[in-house]
Amino acid sequence: MAKIHDFSYNSVMIKDGKNDPFAHLPSMITDDTPEARAWRSEQANVDADIEGLAQSAPEDIAFNDALDQLDISDEEKMERLINYFREKYGAADDPISSE
């Protein structure tokens, strides 16, 4: 009987092929493909719903989706998102540089 891959911590983290028969398969958790990134984004929304967190405004989601379509680095995307939210919602303490 085939084992169903459940993306548990051990099955994702052990990639030597000896302990994980699915080590050769891509992981939605760690891959940088558009499909995997979209899946992780959807999971974040599900998690937010479970936790009762506020949803993002539709225009914020649209801006993020537009950035996902561009061929830009993660750093560039973060900078554009930070600038977008600062302009839209006002300046706040920068949690990234205050560390």
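Read-outs throughout are calculated quantities, based only on the coordinates presented, and are distinct from any laboratory measurement. None of these values were measured; they are calculated from a predicted model. Reconstructed Cβ throughout: ideal geometry from the backbone, glycine too, with neighbour counts over all protein chains shown.
What to note about this one:
- Sites residue 40 and residue 87 - FRET efficiency at Förster radius 22 Å, r taken between beta-carbons, to 0.05: 0.25
- Here r is the Cβ-Cβ distance between residue 33 and residue 62 and R0 is 22 Å; the resulting FRET efficiency, rounded to 0.05, is 0.55.
- Using the average count of surrounding beta-carbon atoms within 10 Å as a protection proxy, the listed peptides 56-62, 69-75 rank, highest first, as 56-62, 69-75.
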